[in-house]
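J.: Take this structure, written in structure tokens, and hold onto it; I'll ask about it next.
The values are calculated or read from the model by the stated rules, or taken from the named source; none is laboratory data. In this text the structure is predicted, and so the values were computed from the model without any measurement. When we count neighbours, we look across all protein chains shown, and the Cβ atoms used for this are built from the backbone with ideal geometry, even at glycine. Just the protein is used for accessible areas: all its heavy atoms, side chains included, with ligands, DNA and RNA removed. Shrake-Rupley method; radii C 1.70, N 1.55, O 1.52, S 1.80 Å.
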Amino acid sequence: MLSCSLFTSLVVGVFAVYVAHTCWVMYGIVYTRPCPAAAAAVGGGGGAAGCVWPYLARRPKLQLSVYTTTRSNIGAESNIDLVLNVEDFDIESKFERTVNVSVPKTTRNNGTLYAYIFLHHAGILPWRDGKQVHIVSPLTTYMVPKPEEINLLTGESATQQIEAEKQTNALDEPVSHWRSRLTLNVMVEDFVFDGSSLPTDVHRYMKMVQLGKTVHYLPILFIDQLSNRVKDLMVINRSTTELPLTVSYDKISLGKLRFWIHMQDAVYSLQQFGFSEKDADDVKGIFVDTNLYFLALTFFVAAFHLLFDFLAFKNDISFWKKKRNMIGMSTKAVLWRCFSTVVIFLFLLDEQTSLLILIPAGIGAAIELWKVKKALKMTIKWQGLRPKMQFGTYNVSEKKTEEYDTQAMKYLSYLLYPLCIGGAGYSLLNVKHKSWYSWLINSFVNGVYAFGFLFMLPQLFVNYKMKSVAHLPWKAFTYKAFNTFIDDIFAFIITMPTSYRLACFRDDVVFLVYLYQRWLYPVDKSRVNEYGESYEEKPKKKAHRE
């Protein structure tokens, strides 16, 4: 079997190879090899066989037209509505305009409405222009509406909705939502592609035309689907006849275009694997709400977060697996961590938080439950189909630790319980919730986030009384500390509740106190280590006979 150190080295090596491979793949995405023969050509004319030239290099006068229709395919100008027309369209100029769109009856009855975006020569209708490019995007999507929040005591609604509509649209059935934003991009670089090695990601957006002896690609029109966020969606009511649509445009480089195409494909793949619209939206927020260079930094930070998560779990499990007693360990702190971790997991589940946050929280909750079993020396024996739990006994040193632990919790309870009860009462009176269960979970989790660090104090108190920190799992602590600082970065990137965000910074303070105690109480070889043994207790090796 592999030793722990060899296994850790193997994991770190695989991680390094993964990061290097990802960097190479990312480089291949953002860098496109130009046509070698283009350098010898003059002004986009002939003489460069195999090259695909940009039609935009001819500087044509263009016009942007946006139509809406209930049909997914149109062959003529019938049954379509013109909602935006930009004459003398300048591909270099950024703009944003809001228009009102008529909502047909079929769309109000859970139908679909499509937007057709045409980029064509100025003064020519798009379906009569042989060199036009167009792209189609649905303006509606189907989602389960967010449950209405009410005041649990008064029954007052958070939003004034018509009672008939509330009865018609069941909360567990998806209904049509309006996408209020449409973000357009045109690739503006005069890039000459090599016809023999066209990038597959961009190729599907390209339309070729033969002009003389050379092949040109028409302007590459792109819809930024990552900008379609759940927060911008609006429920389409049956009485609604018009809805606002914000059309924004900005130019885009070839490298960013290729990167954005890959990211949109990745989000689509997540949904195919069963991720919900909310989960996909959280991933979109990472790309849309973050600077591209900061996003690259975030990728490396996320990779190291994954590595430290694995190493922390591995060392934490190894520590508790070898743990034979609870000397110097606060049992109540272990119980509290288990309770708080389970509550946080249930809260994140109730808030429909991203799976990026939910899955690690669920794994952490399972590990904390296992720790409680070890801390209480609990064994489960089955008598037929009925389980019977048995608890072990504590020795003298463990009882001394338990005495310090109880003393610390006694003083903490005078402060903690009134604060938690008062916060729950305030939330019940002044904050709207989806249900009593939602209020209960929110009250618990707010207590955990706001005052949960107080339950870490008993361990600090035990350390102070024993004047030692040798009994703590410092390897796991170190990896968790790295992840805590990484969580501080993610707190501003990934969508999560504000209370969860603040808790990330709270953990920083607690770890700094542990570090201070580590410095204050140096290692004493006569004291027990984290495995319940001291250096002096270790059997001495027999001397070799000469």
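J.: Is one or more of the residues making up segment 253-264 under 30 Å from V11 (Cα atoms), hydrophobic (A, V, I, L, M, F, W, C) and either modelled with pLDDT of 75 or more or open to solvent by 40 Å² or more (accessible area, probe 1.4 Å) (or both)?
T.: yes
Every residue, every condition in (1) at pLDDT 90 or above; (2) crowded, with 16+ Cβ neighbours inside 10 Å; (3) in contact with a His (Cβ under 7 Å, 6 or more places away or on another chain); (4) not charged (D, E, K, R), yes or no:
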position: R179; (1), (2), (3), (4): yes, yes, no, no
position: L182; (1), (2), (3), (4): yes, yes, no, yes
position: N185; (1), (2), (3), (4): yes, yes, no, yes
position: H203; (1), (2), (3), (4): yes, no, no, yes
position: L211; (1), (2), (3), (4): no, no, no, yes
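J.: Pairs please, first residue from segment 440-453 and within 19 Å of V509 (Cβ to Cβ) and buried (at least 20 other Cβ atoms within 10 Å of the Cβ), second anywhere and modelled with pLDDT of 75 or more and of a type in the set (G, A, S), Cβ atoms under 6 Å, 6+ apart in sequence or on different chains.
T.: Cβ pairs passing all conditions: N446/G423; V448/S340; G452/S340.
J.: Sort out which residues of segment 92-131 are crowded, with 18+ Cβ neighbours inside 10 Å and either part of a strand (DSSP E or B) or without any contact (Cβ under 8 Å) to a residue 40 or more places away in the chain (or both), and write them in order of number. Before the answer, list the steps.
T.: Initial filter on segment 92-131 (crowded, with 18+ Cβ neighbours inside 10 Å): 101, 103, 107, 113-120, 126.
Passing the criteria: V101, Y114, A115, Y116, I117, F118, L119, H120.
J.: Shifting gears a bit: Restricting to segment 174-202, and then to whatever is in a loop (DSSP other than H, G, I, E, B) and not hydroxyl-bearing (S, T, Y), can you tell me which residue is nearest to the chain's Cα centre (by Cα)? Talk me through it step by step, then tell me what you get.
T.: First, the residues of segment 174-202 that are in a loop (DSSP other than H, G, I, E, B): 174, 180, 188-192, 198-199.
When the remaining residues are screened for being not hydroxyl-bearing (S, T, Y), the result is 174, 188-192, 198-199.
On the way: P174: 23, V188: 31, E189: 32, D190: 36, F191: 34, V192: 37, L198: 32, P199: 29 Å.
Checking each candidate, the answer is P174.
J.: Of all the residues that make up segment 351-381, how many are at pLDDT 75 or above and either in contact with a helix residue (DSSP H, G or I) (Cβ under 7 Å, 6 or more places away or on another chain) or open to solvent by less than 50 Å² (accessible area, probe 1.4 Å) (or both)?
T.: Summing the residues that are at pLDDT 75 or above and either in contact with a helix residue (DSSP H, G or I) (Cβ under 7 Å, 6 or more places away or on another chain) or open to solvent by less than 50 Å² (accessible area, probe 1.4 Å) (or both) in segment 351-381 gives 15.
J.: Another question, if that's okay. Right, D316: closer than 30 Å to F7 by Cα and either crowded, with 18+ Cβ neighbours inside 10 Å or outside the structural domain of K465 (by the TED database) (or both) or not?
T.: Working: closer than 30 Å to F7 by Cα: yes; either crowded, with 18+ Cβ neighbours inside 10 Å or outside the structural domain of K465 (by the TED database) (or both): yes.
Criteria met by D316.
J.: Next question. Can you find, within segment 51-79, the residue that is modelled with the lowest pLDDT among those that are touching a Ser or Thr at 6+ places or on another chain (Cβ under 7 Å) and more than 21 Å from M187 (Cα to Cα)? Show your work before the answer.
T.: The initial filter retains those residues of segment 51-79 that are touching a Ser or Thr at 6+ places or on another chain (Cβ under 7 Å), namely 53, 70, 79.
Add one more test, that the residue is more than 21 Å from M187 (Cα to Cα), and what stays is 70, 79.
Values: T70: 88, N79: 76.
It comes out as N79.
J.: Kindly list, by first and then second residue, each pair from a residue in segment 205-223 that is closer than 16 Å to G255 by Cα to a residue that is in a loop (DSSP other than H, G, I, E, B) and open to solvent by less than 20 Å² (accessible area, probe 1.4 Å), limited to pairs with Cβ atoms under 8 Å and residues at least 6 apart or on different chains.
T.: Once the first residue is closer than 16 Å to G255 by Cα and sits in segment 205-223, its partners that are in a loop (DSSP other than H, G, I, E, B) and open to solvent by less than 20 Å² (accessible area, probe 1.4 Å) give Y205/I220; M206/L218; M206/I220.
Residue-wise test of (1) within 22 Å of I357 (Cβ to Cβ); (2) modelled with pLDDT of 90 or more; (3) open to solvent by less than 30 Å² (accessible area, probe 1.4 Å).
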| position | (1), (2), (3) |
| --- | --- |
| D194 | no, no, yes |
| M206 | no, yes, yes |
| P219 | no, yes, yes |
| N228 | yes, no, yes |
| K231 | yes, no, no |
| T241 | no, no, no |
| Q272 | yes, no, no |
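J.: Okay, moving on. Restricting to segment 382-429, and then to whatever is part of a helix (DSSP H, G or I) and β-branched (V, I, T), can you tell me which residue is surrounded by the fewest Cβ atoms within 10 Å (Cβ to Cβ)? If you could, list the steps in order and put the result at the bottom.
T.: Residues of segment 382-429 that are part of a helix (DSSP H, G or I), as a first pass: 396-429.
Among the residues that remain, those that are also β-branched (V, I, T) are: 396, 401, 406, 421.
Working: V396: 7, T401: 22, T406: 13, I421: 12.
Going through the qualifying residues, I end up with V396.
J.: Which ones in segment 394-418 are touching a Ser or Thr at 6+ places or on another chain (Cβ under 9 Å) and either closer than 11 Å to L457 by Cα or among the β-branched types (V, I, T) (or both)?
T.: Those that are touching a Ser or Thr at 6+ places or on another chain (Cβ under 9 Å) and either closer than 11 Å to L457 by Cα or among the β-branched types (V, I, T) (or both): T401, D405, A408, M409.
J.: Looking at T341, is it modelled with pLDDT of 80 or more and either in a helix (DSSP H, G or I) or not assigned by the TED database to the domain that holds K475 (or both)? Before you say what the answer is, go through the steps one by one.
T.: Numbers: modelled with pLDDT of 80 or more: yes; either in a helix (DSSP H, G or I) or not assigned by the TED database to the domain that holds K475 (or both): yes.
In short, yes.
J.: Within segment 27-50, restricting attention to residues that are open to solvent by less than 50 Å² (accessible area, probe 1.4 Å) and modelled with pLDDT of 85 or more, which residue is farthest from the chain's Cα centre (by Cα)?
T.: Going through the qualifying residues, I end up with C35.
J.: Which one of these is of a type in the set (F, W, Y), at pLDDT below 85, under 39 Å from the mean Cα position of the chain (by Cα) and open to solvent by less than 50 Å² (accessible area, probe 1.4 Å): F7, F15, F89? Step through it out loud before you land on a result.
T.: Numbers: F7 fails: open to solvent by less than 50 Å² (accessible area, probe 1.4 Å); F89 fails: at pLDDT below 85.
So the residue among F7, F15, F89 that is of a type in the set (F, W, Y), at pLDDT below 85, under 39 Å from the mean Cα position of the chain (by Cα) and open to solvent by less than 50 Å² (accessible area, probe 1.4 Å) is F15.
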